[in-house]
Structures are given as C-alpha cells and as structure tokens.
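Colleague: Below is a structure I'd like to ask you about.
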Amino acid sequence: MVESLISLGFVLLFCVIGWAAGAGAEAMIWGGIGLSAIGFGFGIPSAIVYHWMLHRSLARAERLPSRWWLSPTSHHDLIPRDDRGSVIIWAAIGGSGFLVIVLGIIITSIGLWRTLVSPS
C-alpha cells in the first residue's frame, strides 16, 4: 500500500514537472498557487488530526512527555502498538501536504523567475 502511494506520488511529480517545462510563466504562477492551496487544504487539517491523535494516544498510555508538541515525531516510539498505524498514517498525510505546498511554491517561483528573465 505504501509503495503504491509513493509510486503514485512520483508519477504525479513527473507529470507536474512535464507540465511546468512546457507551460508559460503565467500558467506556472497560477498553477503553483493552486497547488499550494490544495496542499494547505488537506495538509493543515490532517496535521491537526495527527497532533490530536498523537496526544490522545500518548495520554491514554500515560506516556505523554511535557512539551511534546515541540518535536512530535521524536515521540513516535512511545506510541502503543495498537495506535501506531492510525497515528502514523495522519503524519504521512500531513507530510505529503507539506510536500505539495513546497512543490507549489517552487513552481510559482520558477514562473516568477521566467517573467523576470523573459525579454519584454
């Protein structure tokens, strides 16, 4: 399952790169902004769910360290086995949202750069 999602992610990445290579500057700017908006749209809610699930799991097992939110991934080894899958999947979804945001920012930046270097 995870391997399929990684493969799908690479296929989508290559499709976006192929589109960006042939797209105009304005299309890249708007496409990058749209891609970032999509990343924010599912990344932020899933990150909230991940933090809530991690807190709930660690608190229920009485393993919640103080200031756990400063580095939540360092506490993954404290998650009980029964909860591990449901917590980690939300971490992966939130992380993929972050990657989509970064990809959108890169595409927007390339589009802006193209407008600056193109002859007027």
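Computed from the coordinates by the stated procedures, all read-outs in this text should not be read as laboratory data. Predicted model, so just to flag it, every value in this text is computed and none were measured. Every residue, glycine as well, gets a Cβ built from its backbone with ideal geometry; the counts of neighbours run over all protein chains shown.
Colleague: With percent of Cα pairs over 24 Å apart as the read-out, I listed [x] 43; [y] 22; [z] 30; which label goes with the value calculated from this structure?
Modeller: [x]
Colleague: Given a Förster distance of 35 angstrom, what is the FRET efficiency for residue 118 paired with residue 78, based on the Cβ-Cβ distance and rounded to 0.05?
Modeller: Computed FRET efficiency for residue 118 and residue 78: 0.10.
Colleague: If you stretched the chain out fully between residue 102 and residue 3, how much longer would it get, using 0.36 nm times the residue separation minus the C-alpha to C-alpha distance?
Modeller: 33.5 nm is the gain from fully extending residue 102 to residue 3.
Colleague: Label 7 Å along Cα→Cβ of residue 40; the range 82-120 residues with amide nitrogen under 19 Å?
Modeller: 94-112, by backbone N distance to the label point.
Colleague: May I ask you to derive the FRET efficiency for residue 55 and residue 15 from their Cβ-Cβ distance with R0 = 35 Å, giving the value to the nearest 0.05?
Modeller: Taking R0 as 35 Å, the efficiency between residue 55 and residue 15 is 0.45.
Colleague: Using the per-residue mean of other Cβ atoms lying within 10 Å as a proxy for protection, in what order, highest first, do the peptides 41-47, 100-106 fall?
Modeller: 100-106, 41-47
Colleague: Sticking with this structure for a sec: Hey, what did the chain get for relative contact order, percent, Cα under 8 Å, at least 6 apart?
Modeller: Computed over the chain, the figure is 46 percent.
Colleague: Another one. What spacing in nm lies between the two simple spin-label points modelled at residue 69 and residue 27, each 7 Å away from Cα in the Cβ direction?
Modeller: My value for the distance between the label points is 4.3 nm.
Colleague: Separate question: In terms of the Cα gyration tensor, with a ≥ b ≥ c the square roots of its eigenvalues, is the range 4-58 rounded because a/c is under 1.5, prolate because a/b exceeds b/c, or oblate?
Modeller: Judged from the Cα gyration tensor, the range 4-58 comes out oblate (a/c at least 1.5, b/c at or above a/b).
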